[in-house]
Amino acid sequence: MVKRNNSVKSISANGGSYEAKIAEIETIITRIEGGELELADVFTEFATAVEYLQECDSFLQQRQQQVNLLIETLQDDDQ
């Protein structure tokens, strides 16, 4: 039987959940769109958001691979 872990935990070595990273990306976007940041800060914030997006993408790709493996396992069991 496959052991299930329903919680979405860390997505990187620095910790933080997928949901927390998405929330931080949204906060960064709000700060950038607010128009009150210095230009240098906009670039710094943008770079941080891109880094978080890459971490989220990697996390989702890993989870997709796990799902695909589970589907293959189920299909093998059916045969």
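The values are calculated or read from the model by the stated rules, or taken from the named source; none is laboratory data. Since we're looking at a predicted model, the values are computed, not measured.
Restricting region 1-30 to residues that are among the hydrophobic types (A, V, I, L, M, F, W, C), under 16 Å from Asp57 (Cα atoms) and outside any helix (DSSP H, G or I), the residue that is modelled with the lowest pLDDT is Val8. Each residue in region 31-70 was checked for being over 25 Å from Ser17 (Cα atoms) and either charged (D, E, K, R) or assigned to a helix (DSSP H, G or I) (or both), and 5 of them qualify.
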